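Worksheet: the structure to be examined is printed underneath.
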Amino acid sequence: MEPTPARPFVTPPAALPRVSSLPAPAPSSVQVSLTPADAARVKRSESLLRVDQVEKRTGFKKSKLYAMAKEEPLLRPVRISSRCVAWPESRIDAFIAKVIAASEPSSTDEVPS
């Protein structure tokens, strides 16, 4: 069997448009409108966490997260597509802070000596 000969490099014809001369893409038809109160709550660098990231941050497994989400609004995920949910990072941070604050002894509690 003979080896196939190498193809020489062919420069593209000048008639092909360059990337910079292509028209701008059409604007997206999906528009999201937030109330001013909602917009104020969303940080500029807000991230959405997937379930594996939330499991690592909270220490709870997926089934526990969904069970707790029924009672705890901070743990309710948001739908980002028809089959996908995620958790706003700010909600998970707020939940962790709430758990830590609840576990700290209050000033009226006595510390055992």
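All of the numbers you see were taken from the coordinates with simple rules; none came from a lab. Note that this is a predicted model, so its numbers are computed, not measured. Neighbour counts run over all protein chains shown; Cβ positions are idealised from the backbone, glycine included.
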Through the Karplus equation 6.51 cos²θ - 1.76 cosθ + 1.60, θ set to phi - 60°, convert the phi angles of the range 73-80 into ³J(HN,Hα) values in whole Hz; use x for Gly and Pro. x, 5, 9, 7, x, 10, 7, 10
FRET efficiency for Lys64 and Cys84 from the Cβ-Cβ distance with R0 = 22 Å, rounded to 0.05, comes out at 0.65
Here the FRET efficiency for Ser103 versus Arg76, based on Cβ atoms and R0 = 22 Å and rounded to 0.05, is 0.50
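Ranked highest first by the average count of other Cβ atoms within 10 Å around their residues, in what order do 86-96, 60-70 fall?
So the peptides 86-96, 60-70, ranked by packing, come out 86-96, 60-70.
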Can you bin the range 41-103 into rounded, prolate or oblate? Criterion: square roots of the alpha carbon gyration tensor eigenvalues sorted a ≥ b ≥ c, rounded for a/c under 1.5, prolate for a/b above b/c, oblate for the rest. oblate
